[in-house]
Amino acid sequence: MIAPRARHGARAGAAGLVLAAVLVWAPAAFGHASISPPVAKTGVLQQFTLAVPTEKENATTTRIELSVPSGVAIDSFEPEPGWTRHVSQTGSGESAAIERVTWTGGRVPTEDDAVFRFQATLTGGSRDYVFEVHQTYSDGTVVDWNGPESSDTPSPVVQGSSLSGGP
C-alpha cells in the first residue's frame with residue numbers, strides 16, 4: 001500500500017508533467033492563423049472566419065492578406081470596423097473569382113486576433129483547401145502563414161466534405 005503522502009507526491013508530479021506539456025504545446029496549438037470551420041460541407045454557402053493572432057510584442061497587426069485557393073467561391077464579406085478591404089479578382093459579374101483579399105488600416109494589439117468573416121462556397125469537391133495568409137506588423141515585420149501543418153507558421157486549412165449528414 002502506498003502511503004497517502006507518497007500518493008499525493010505522485011499526483012503532484014503527474015500534474016506538473018501535464019502542465020509542462022500544455023505549456024510546451026500551447027503556442028503550437030493556439031498561436032496560428034486559422035479559418036473556421038475546419039471542416040465544411042461542399043456546395044453550400046456558409047460563413048467562414050479568419051483569425052490571425054498578434055504575437056509580436058510592442059507592435060500591432062496592420063495588414064492581412066489572404067490568398068484564396070481555387071475551389072473557394074467567396075460571395076460576400078462582413079464589414080470590419082477600422083479596416084479597409086481590397087479585393088483582387090479575375091472576371092466580373094457572376095463569373096468573378098476572388099483570388100486575394102487584403103485588409104489594411106487596423107491596429108490589433110499583442111495577444112489579440114485580427115478577425116474577418118466572409119461567406120463562401122467550397123466548389124472543388126471533398127479535399128483540403130489550403131489558404132495562405134501574410135500578416136504585416138506596425139514595425140514592418142511580415143509573417144507568412146503558409147508552411148506545412150508541422151511548422152511554426154502553418155497555412156490555414158479547411159477540409160471540404162460532401163457528406164450529406166454532416167459538415
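Listed by position, the strands (runs of 3 or more DSSP E) enclosed by the range 25-129 that each have at least 3 residues that are closer than 28 Å to Ser151 by Cα, among the aliphatic types (A, V, I, L, M) and modelled with pLDDT of 95 or more are 46-53, 72-77, 97-108, 113-122. Considering only the range 92-135, how many residues are closer than 17 Å to Glu78 by Cβ and among the small types (Gly, Ala, Ser)? Counting residues in the range 92-135 that are closer than 17 Å to Glu78 by Cβ and among the small types (Gly, Ala, Ser) gives 4.
Check Ser95, Ser150 and return the single one that is more than 18 Å from the chain's Cα centre (by Cα) and either open to solvent by 80 Å² or more (accessible area, probe 1.4 Å) or free of Cβ contacts under 8 Å to residues at least 12 places away in the same chain (or both). None of the other options fit; the residue is Ser95. Cβ-Cβ distances below 8 Å connect the following pairs, each with a first residue in the range 123-140 that is closer than 18 Å to Asp152 by Cβ and touching a residue at least 12 places away in the same chain (Cβ under 8 Å), a second residue that is in a loop (DSSP other than H, G, I, E, B) and open to solvent by 40 Å² or more (accessible area, probe 1.4 Å), and a separation of six or more residues or different chains: Glu132/Asn146; Val133/Asn146; His134/Asn146; Tyr137/Lys56.
The values are calculated or read from the model by the stated rules, or taken from the named source; none is laboratory data. Keep in mind that this is a model prediction, so the values were computed, not measured. Counting neighbours? That spans all protein chains shown, and the Cβs are built from the backbone with ideal geometry, glycine included. Accessible surface areas use protein heavy atoms only, side chains included; no ligands, DNA or RNA. Shrake-Rupley method; radii C 1.70, N 1.55, O 1.52, S 1.80 Å.
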